[in-house]
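Structure first, commentary second.
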Amino acid sequence: MKKQWTSYFHAGLYIAAILLFAILLLLPGCSAMSTASTVAETFMQNMQNLDFSAAYSCLWKRAGCVSEETFVSSAQNIYDSLGATAISFPFHDIQADGKQVKFSYTVAYVHGEDFTVENSISLFLLKEDGNYYIQYSDDMLLEGYTSGCRIVRSTLKGARGEIFTADKTAVAVNSYSDTVAISVSEDLDINSVINSIAALTGMTSEETVSIREKYNSALKNNYAEVAAYVFPIGELSDELRAQLCAIEGVSIDSDSLTPQRYYPYGEIYAHIVGYASSPSEEQLEELAEQGFANAELVGKVGIEAEYDNALQPQSGYIYRLYSADGAYLRTLYEKPAVNGADIFLTINHDMQQKAYYLLASELKSDQTGVNIVMDPTTGFVQAMVSMPSYDPNIFSFPVSDADYAELNDPTSKQPLYNRATSGLYPPGSIIKPFTVTPALENGIVTRYTVFPYEVKNNEWKPDGVWYWEPVTRNEAPDAPLDLDTAIRFSDNIYFSWVTLKMGDELFMNYMEKIGIGKAVPFDLPTSVSNLLNDSTELNRKMLSDLSFGHGEMLVTPIQAASMYTVFQNNGDILTPKLVSKICRYDSLDTEEVLYEAEREVYISGAMTQETVDTLTYSLKRVVTSGTAQSLQTNGLTLAAKTGTALKGDDQSKRIAWIAAWYQDMDDDRLVLVMIEGPRTQSDRRHAIARELLQKAE
């Protein structure tokens, strides 16, 4: 019995020893009875638990091993500097090599889902007093890292996408301003230098104090130069450049110090391209939410604004390892910046310049206007000018409140206002081919229907209840007043009669069908056109006025131009397009097309083909024997429609229109000109349109 009890006692001791060993293995440090595998596993587990002191206990403390404080500090610094969220060991292996045991592993510093910095190393497991320990190496945490090293994260900035015309003329580019730079030197009389610069540039005393402070800081930090004054591109004269460079220690930097969004053609593209400038605090927050946390520019108006997300670059970042004395050692991780995409417009550069200079030269000082040139078979806009215009380069740097207010002052004719897309104007007689369409397509009139009443002194009073002034026209036609004659002479009386005959329901439904009362879709914001104010009661007088583009009907020039594509598209109205393609390019200049415009129908079946043919016949005769005879040009077959309307409570403003296009030709071009000015002022819309319709020699 005693022998059996002794056996139980020894078995109990054995089990207790096993349990104690298991408990020791679970402790954070390496046990005094560690094996090769357990010490490796314990080291990795403690590193993953971020218990760097416990991980240190697994190291062999001889032959160059650092102190626990140094090891823990280094591990923590690597983890924090990389912004790591976890440590893992995707690979490890223990191999016996004769009497030696090799421990190979890869330690990975995981930065969320963004990236991982890995370090692979092979060490020996050394045995001392029957226990295994890990041999220390300077590279065991991160290759090249020693105590005192620094890991620095730097932002890599991408370039904002640039904007080009269809023929690849650059109209919005990334460039640099002319910057007055001061070389930093102990021997430089900085006060004299700053005073000399101020005398030539007109810097304020506050600005000179700021530059002096920047210079002193640069001297302390061993910077090479300091930016003292910035001239936007094109504003530094050769004479002033020479005077500034004659000052000791001063030079002009034009390619590195001060980035500037530059618009080479200034006013010519202002209302198309718009401009980009520094984001506001609110815009910075919005951009950060969209993934552009380091945005330096944001589009404010125009294509710059509407396509800002495509143009915006995506910043990258890089983690570099530096020695304790500041020497660069190696790059740990790099996420390259992604440049913004480039935008190609549908605009033809030569046509845009022509449209701009024609309008600028033909408008009188008290007139404003719009030129639009379009391919009517695609809807692609080849030129679009709103006058007056402005130089978008002024917004590359802060604009004073006074200057901004002047740009928006009505007395300055509001050059920031894009009349082509935002201006709302009564269309006058250019709407007549559309107002007669529902009558044609419902059999109310035909091309041969003659006005059945007598007209005296170019006035006509409709039958029935009529409390208002008679309907008038400008001149008596030279033939019986049928549809063809009415279109050629733009006879208000005929269109009033036809519309009153068809009634308001048919008329209003058709106007709404063709988009009157809506904003035409476009690459720039467009104003909502107007058919009838909500508070207005539609009576016979208003219906009559609407028939020839008066009353309360208002359209934008870009919508009017798009409506006239109906005659080249079998009765469909096309969506106008301003952006033809968006492309991104990599470091090898490989093109990735992100978007490419295609012909798009805005309103299908706005007219039947029979109606198109009927109206086109008469619209061609507008040029040969009607109100647009001045457009006649050898070699061109044209169709056109003119129109005028009065604006304002006192009707002192006149809106003059002309829409003209190639008809039955191999080429396709549609021109729309709108001029606004005093009622008594003559306009040059016909001369402008004629020039825009000329073929290039």
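Each value in this text was obtained by applying a stated rule to the coordinates, not by laboratory testing. Since this is a predicted model, take the numbers as computed values, not measurements.
How large is the Kirkwood hydrodynamic radius of segment 24-148, in angstrom, based on all distinct alpha carbon pairs?
Details: mean 1/r = 0.0682 Å⁻¹.
About 14.7 Å, per the Kirkwood formula over Cα pairs.
With only alpha-carbon pairs counted, each pair once and no self-pairs, how large is the Kirkwood hydrodynamic radius of segment 326-366 in angstroms?
Hydrodynamic radius (Kirkwood, Cα only) of segment 326-366 equals 15.7 Å.
Which values, in whole Å and largest first, are the semi-axes of the equivalent ellipsoid of segment 292-333 obtained as the square root of 5 times each eigenvalue of the Cα gyration tensor?
Equivalent-ellipsoid dimensions as semi-axes: 37, 9, 6 Å.
Taking 1 over the mean of 1/r across every pair of different Cα atoms in segment 434-541, what Kirkwood radius in Å do you get?
15.5
Can you give me the C-alpha center-to-center distance between segment 562-631 and segment 180-235, rounded to a whole angstrom?
Here the two parts' Cα centres lie 56 Å apart.
Of all DSSP beta bridges in segment 418-659, what percent run antiparallel (nearest 5)? Don't jump to the answer; show the numbers that get you there.
Working: 19 of 20 bridges.
Of the beta bridges lying entirely in segment 418-659, close to 95 percent run antiparallel.
Divide, for segment 493-650, the radius of gyration over alpha carbons by 2.2 N^0.38 Å, where N is the residue count.
Cα-based Rg divided by the globular estimate yields 1.29.
For Arg599 and Leu50, compute 0.36 nm times the residue count separating them, minus their Cα-Cα distance, and round to one decimal in nm.
Using 0.36 nm per residue and subtracting the Cα-Cα distance, I get 191.6 nm.
Run the numbers for Glu69 and Ala242: contour at 0.36 nm per residue of separation, minus the present Cα-Cα distance, in nm.
Here the answer is 56.3 nm.
Bin width 20 Å, origin at 0, all Cα-Cα pairs of the chain: what percent of pairs per bin?
Final binned percentages: 14, 31, 23, 17, 10, 4, 1, 0.
So what is Rg over Rh here for segment 336-402, counting just Cα atoms and using Kirkwood for Rh? Provide the component values of the computation, followed by the final result.
Values: Rg = 16.2 Å, Rh = 14.7 Å.
For segment 336-402, the value is 1.10.
Going through the cross-link list Lys354/Lys620; Lys413/Lys518; Lys432/Lys501; Lys364/Lys413, which pairs have a Cα-Cα distance over 19 Å in this structure? Please report the intermediate quantities before stating the final value.
Details: Lys354/Lys620 25 Å; Lys413/Lys518 26 Å; Lys432/Lys501 15 Å; Lys364/Lys413 12 Å.
Pairs exceeding 19 Å: Lys354/Lys620; Lys413/Lys518.
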